[in-house]
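Beneath this line is the structure, given in C-alpha coordinates, with notes to follow.
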Amino acid sequence: MVDERWPNRSFVALAGHDELTVGDIMGLDLAADLVVLSACHTGRGTATAGGDIVGLVRAAVAAGARHVVVSLWPVDDEAGCLLMTGMYERLVAGDDVALALTGAQRYVRRMDGAGRHHAYEELRQHAGTEPAIPGARDARPPSFLPQAKKSRFPYYWAPFIHVGV
(Lines give C-alpha, C1' and ligand atoms only; values in the text may rest on other atoms or scores of the structure.)
Protein backbone atom coordinates (compact mmCIF):
# COMPACT_ATOMS: atom_id res chain seq x y z
CA MET A 1 0.00 0.00 0.00
CA VAL A 2 1.33 3.41 -0.94
CA ASP A 3 0.52 6.08 1.63
CA GLU A 4 0.33 9.37 -0.29
CA ARG A 5 0.36 11.53 2.86
CA TRP A 6 3.17 9.72 4.66
CA PRO A 7 5.20 7.87 2.02
CA ASN A 8 7.60 6.44 4.61
CA ARG A 9 4.64 4.45 5.94
CA SER A 10 4.06 2.75 2.57
CA PHE A 11 4.42 -1.01 2.71
CA VAL A 12 4.14 -4.33 0.94
CA ALA A 13 1.61 -6.65 2.59
CA LEU A 14 3.05 -10.06 3.41
CA ALA A 15 1.41 -13.29 4.53
CA GLY A 16 -0.87 -12.96 7.52
CA HIS A 17 -0.81 -9.44 8.89
CA ASP A 18 2.90 -8.78 8.33
CA GLU A 19 4.13 -5.74 6.43
CA LEU A 20 7.42 -4.71 4.87
CA THR A 21 7.58 -0.90 5.07
CA VAL A 22 9.69 1.59 3.12
CA GLY A 23 11.74 2.05 6.29
CA ASP A 24 12.22 -1.71 6.65
CA ILE A 25 13.42 -2.00 3.05
CA MET A 26 15.74 1.02 3.34
CA GLY A 27 17.28 -0.54 6.44
CA LEU A 28 18.24 -3.72 4.58
CA ASP A 29 21.64 -4.41 3.03
CA LEU A 30 20.23 -6.04 -0.08
CA ALA A 31 23.19 -6.23 -2.41
CA ALA A 32 20.58 -7.80 -4.69
CA ASP A 33 20.82 -7.83 -8.44
CA LEU A 34 17.01 -7.88 -8.79
CA VAL A 35 14.06 -7.02 -6.56
CA VAL A 36 10.58 -7.71 -7.94
CA LEU A 37 7.56 -6.13 -6.22
CA SER A 38 4.74 -7.60 -8.29
CA ALA A 39 1.80 -6.38 -6.20
CA CYS A 40 -0.44 -3.52 -7.35
CA HIS A 41 0.92 0.07 -7.34
CA THR A 42 4.40 -0.87 -6.03
CA GLY A 43 6.02 1.67 -8.36
CA ARG A 44 4.11 4.65 -7.03
CA GLY A 45 5.84 7.25 -4.91
CA THR A 46 5.25 10.66 -3.42
CA ALA A 47 7.22 13.85 -3.94
CA THR A 48 8.56 15.35 -0.72
CA ALA A 49 8.98 19.06 0.05
CA GLY A 50 12.64 18.65 -0.91
CA GLY A 51 11.73 17.32 -4.35
CA ASP A 52 12.65 13.71 -3.66
CA ILE A 53 10.35 10.83 -4.58
CA VAL A 54 9.78 8.47 -1.67
CA GLY A 55 8.35 5.02 -2.26
CA LEU A 56 9.17 1.33 -2.48
CA VAL A 57 11.39 1.74 -5.56
CA ARG A 58 13.60 4.30 -3.88
CA ALA A 59 13.75 2.17 -0.76
CA ALA A 60 14.93 -0.89 -2.72
CA VAL A 61 17.53 1.11 -4.66
CA ALA A 62 18.76 2.78 -1.44
CA ALA A 63 19.10 -0.67 0.12
CA GLY A 64 21.37 -1.79 -2.72
CA ALA A 65 19.16 -3.33 -5.40
CA ARG A 66 20.63 -2.86 -8.88
CA HIS A 67 17.35 -3.60 -10.69
CA VAL A 68 13.77 -3.21 -9.46
CA VAL A 69 10.59 -4.33 -11.25
CA VAL A 70 7.39 -2.70 -10.00
CA SER A 71 3.82 -2.03 -11.12
CA LEU A 72 2.24 1.33 -11.79
CA TRP A 73 -1.43 0.32 -11.47
CA PRO A 74 -3.66 -2.57 -10.36
CA VAL A 75 -2.49 -5.82 -11.90
CA ASP A 76 -4.86 -8.37 -13.42
CA ASP A 77 -4.20 -11.73 -11.70
CA GLU A 78 -3.93 -13.86 -14.83
CA ALA A 79 -1.93 -11.36 -16.86
CA GLY A 80 0.35 -10.63 -13.88
CA CYS A 81 1.04 -14.32 -13.38
CA LEU A 82 1.86 -14.78 -17.08
CA LEU A 83 4.08 -11.68 -17.11
CA MET A 84 6.06 -12.70 -14.05
CA THR A 85 6.42 -16.32 -15.19
CA GLY A 86 7.50 -15.20 -18.66
CA MET A 87 9.99 -12.72 -17.24
CA TYR A 88 11.61 -15.31 -14.95
CA GLU A 89 11.78 -17.87 -17.77
CA ARG A 90 13.64 -15.33 -19.88
CA LEU A 91 15.96 -14.43 -17.00
CA VAL A 92 16.83 -18.10 -16.56
CA ALA A 93 17.49 -18.31 -20.32
CA GLY A 94 20.05 -15.51 -19.96
CA ASP A 95 18.18 -12.32 -20.88
CA ASP A 96 18.97 -9.20 -18.90
CA VAL A 97 16.16 -7.77 -16.76
CA ALA A 98 14.91 -5.17 -19.24
CA LEU A 99 14.87 -7.64 -22.14
CA ALA A 100 13.20 -10.34 -20.03
CA LEU A 101 10.41 -7.99 -18.94
CA THR A 102 9.92 -6.63 -22.45
CA GLY A 103 9.77 -10.15 -23.90
CA ALA A 104 7.15 -11.20 -21.35
CA GLN A 105 5.12 -8.08 -22.08
CA ARG A 106 5.18 -8.79 -25.81
CA TYR A 107 4.05 -12.36 -25.16
CA VAL A 108 1.04 -11.22 -23.10
CA ARG A 109 0.33 -8.33 -25.47
CA ARG A 110 -0.33 -10.74 -28.33
CA MET A 111 -3.09 -12.49 -26.35
CA ASP A 112 -6.75 -11.62 -26.11
CA GLY A 113 -8.73 -12.34 -22.94
CA ALA A 114 -9.45 -15.96 -23.88
CA GLY A 115 -5.80 -16.55 -24.77
CA ARG A 116 -4.60 -15.16 -21.42
CA HIS A 117 -7.11 -17.29 -19.55
CA HIS A 118 -6.11 -20.44 -21.46
CA ALA A 119 -2.37 -19.80 -20.91
CA TYR A 120 -3.00 -19.09 -17.23
CA GLU A 121 -5.03 -22.30 -16.80
CA GLU A 122 -2.29 -24.35 -18.49
CA LEU A 123 0.30 -22.81 -16.18
CA ARG A 124 -1.90 -23.34 -13.13
CA GLN A 125 -2.52 -27.00 -13.99
CA HIS A 126 1.19 -27.57 -14.66
CA ALA A 127 1.99 -26.11 -11.24
CA GLY A 128 -0.77 -28.18 -9.61
CA THR A 129 -2.47 -25.24 -7.94
CA GLU A 130 -6.14 -24.82 -7.20
CA PRO A 131 -8.39 -22.80 -9.53
CA ALA A 132 -8.76 -19.14 -8.66
CA ILE A 133 -11.72 -18.13 -6.57
CA PRO A 134 -14.40 -16.83 -8.97
CA GLY A 135 -14.44 -13.06 -8.96
CA ALA A 136 -11.13 -12.84 -7.07
CA ARG A 137 -9.67 -10.42 -9.59
CA ASP A 138 -10.53 -6.96 -8.38
CA ALA A 139 -8.46 -5.13 -10.99
CA ARG A 140 -10.29 -4.11 -14.14
CA PRO A 141 -9.32 -2.01 -17.16
CA PRO A 142 -10.74 1.49 -17.53
CA SER A 143 -14.42 1.56 -18.44
CA PHE A 144 -14.01 4.24 -21.14
CA LEU A 145 -12.63 1.71 -23.66
CA PRO A 146 -14.89 -0.06 -26.11
CA GLN A 147 -15.40 -3.66 -24.95
CA ALA A 148 -13.72 -5.07 -28.07
CA LYS A 149 -10.48 -3.19 -27.33
CA LYS A 150 -10.25 -3.97 -23.62
CA SER A 151 -8.72 -7.43 -23.96
CA ARG A 152 -5.52 -6.12 -25.62
CA PHE A 153 -5.32 -2.81 -23.75
CA PRO A 154 -1.92 -1.96 -22.15
CA TYR A 155 -3.65 -2.36 -18.80
CA TYR A 156 -2.99 -6.11 -19.15
CA TRP A 157 0.54 -6.23 -20.54
CA ALA A 158 2.21 -3.01 -19.37
CA PRO A 159 1.68 -2.51 -15.62
CA PHE A 160 5.29 -3.39 -14.81
CA ILE A 161 8.35 -1.23 -15.34
CA HIS A 162 12.04 -1.83 -14.82
CA VAL A 163 14.12 0.66 -12.84
CA GLY A 164 17.86 0.14 -12.84
CA VAL A 165 21.00 -0.08 -14.88
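The values are calculated or read from the model by the stated rules, or taken from the named source; none is laboratory data. Keep in mind it's a predicted model, so treat the numbers as computed, not measured. In this analysis, Cβ positions are derived from the backbone assuming ideal geometry, glycine residues included, and neighbour counts consider all displayed protein chains. Quick note on the areas: whole protein, heavy atoms, side chains included, nothing else; ligands and nucleic acids left out. Shrake-Rupley method; radii C 1.70, N 1.55, O 1.52, S 1.80 Å.
Elements of the type helices (runs of 4 or more DSSP H) sitting completely within the stretch 80-151 and holding at least 3 residues that are open to solvent by 40 Å² or more (accessible area, probe 1.4 Å) and modelled with pLDDT under 80: these cover 147-150.
Would you call Val35 under 21 Å from Phe160 (Cα atoms), modelled with pLDDT of 80 or more and of a type in the set (Val, Ile, Thr)? Against the criterion (under 21 Å from Phe160 (Cα atoms), modelled with pLDDT of 80 or more and of a type in the set (Val, Ile, Thr)), Val35 qualifies. Considering Ala65, Ala32, Ala59, the condition of being part of a loop (DSSP other than H, G, I, E, B), surrounded by 16 or more Cβ atoms within 10 Å (Cβ to Cβ) and aliphatic (A, V, I, L, M) is satisfied by Ala65 alone.
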